Amino acid sequence: MTLTPRLLDRPALWALLAALVALSAAACSPSPEKAAPPAAAMANPKYTAAQFDEIARRVFAPIYPYLAEQMKQDYGITSGIAVDAGSGPAYWAIALAQTTDLEIRALDIDPEALAIADRNIAAAGLQGRVRTVLGDIHKIPLPDNFADLVVSRGSLPFWKDKVQAFREIQRILKPGGVAYIGGGLGSLMPASERALIKETMEKEQIGAPKELETTFAQLGGILRQAGIPVFKLSHDEGCLCGGWAEFRKPAAKDRP
Ligand SMILES: C[S@@+](CC[C@H](N)C(=O)[O-])C[C@H]1O[C@@H](n2cnc3c(N)ncnc32)[C@H](O)[C@@H]1O
């Protein structure tokens, strides 16, 4: 049979041709295991969301309650709204909710990470207090002057445009609100626990790829470019996980 123009006019034939094309395309696609990860998962190319969750539970779990307590001690922010940016499985967000009366948004670009976060939040009985938000740090889907506190741990190395990311953090902070952004173990963890985590991280080579690390000099430049002239940079003792940038959004009356 030849495909004469008359035959090609028939809708049934077109449907058959379309089905054949779809079938051959499916046969050529890689199996789900081999398929390239979705773009969002590439935000943290070293681990899938599930792999990171396993590491967070096994290795990092003690860090989050110390960090939550540190936020309370250092800034005295115990109510209002906090955002955990690049929250992954949301353990810091959960620890913050357990330590304070804050309402928390766990923001991440990876839907798989947020599916895990939702399960963790439900397991902690914190639905409603901690809510996941799918979004990119470079265009945070939250309003201006929204948060009393923005925290982020272990996500900074993966941000493609750090100046834009810090502009966004500053935008969503309320005047007088505080940001604590970076990576590490925080300042309250005892030395013995630090040493254990450091040892495991070294042994298993856990952490962001070296080439994605930001030096303090670079970070200072990034913050100034983002319009944040006053900030503090610090580094946790005994940790192979970068450092922290800390700043407060000036109250309207203090702005230049
Ligand atoms: C190493 S994990 C850290 C997770 C969590 N903060 C913790 O310490 O347990 C980094 C997370 O940052 C997220 N991330 C990377 N780039 C992002 C972006 N542009 N916007 C929002 N989240 C991002 C990743 O999807 C990943 O869940």
The range 157-207: C-alpha gyration tensor shape, a/c 1.5 cut-off, then a/b vs b/c: oblate
Residues of type lysines that K139 reaches as a straight line, Cα spacing below 29 Å, ignoring anything fewer than 8 places off in the same chain: K46, K72, K160, K162, K174, K210, K232, K249, K253
Cut-off 15 Å between beta-carbons: net charge of the residues surrounding R129, Lys and Arg +1, Asp and Glu -1: -3
DSSP beta bridge pairing in the range 39-254, given as percent antiparallel to the nearest 5: 30
Net charge, Q225 excluded, C-beta distance under 13 Å - Lys, Arg +1, Asp, Glu -1: +2
T215-T78 pseudo-label distance in nm [points 7 Å out on the Cα-to-Cβ vector]: 4.2
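Pick out, in residue order, every one of the trypsin sites (Lys or Arg not before Pro) in the range 157-254 that is DSSP loop and has at most 13 other C-beta atoms within 10 Å; say none if there are none.
K160
Which FRET efficiency, nearest 0.05, do S192 and Y47 yield, Cβ-Cβ r, R0 22 Å? Each step should come with its number before you reach the end.
Working: r = 27 Å, r/R0 = 1.21.
Result of the calculation: an efficiency of 0.25.
Coordinate-derived values only; no laboratory data. What you see is a predicted model; the values in this text were computed from it and never measured. We place every Cβ from the backbone using ideal geometry, glycine too, and count neighbours over all the protein chains shown.
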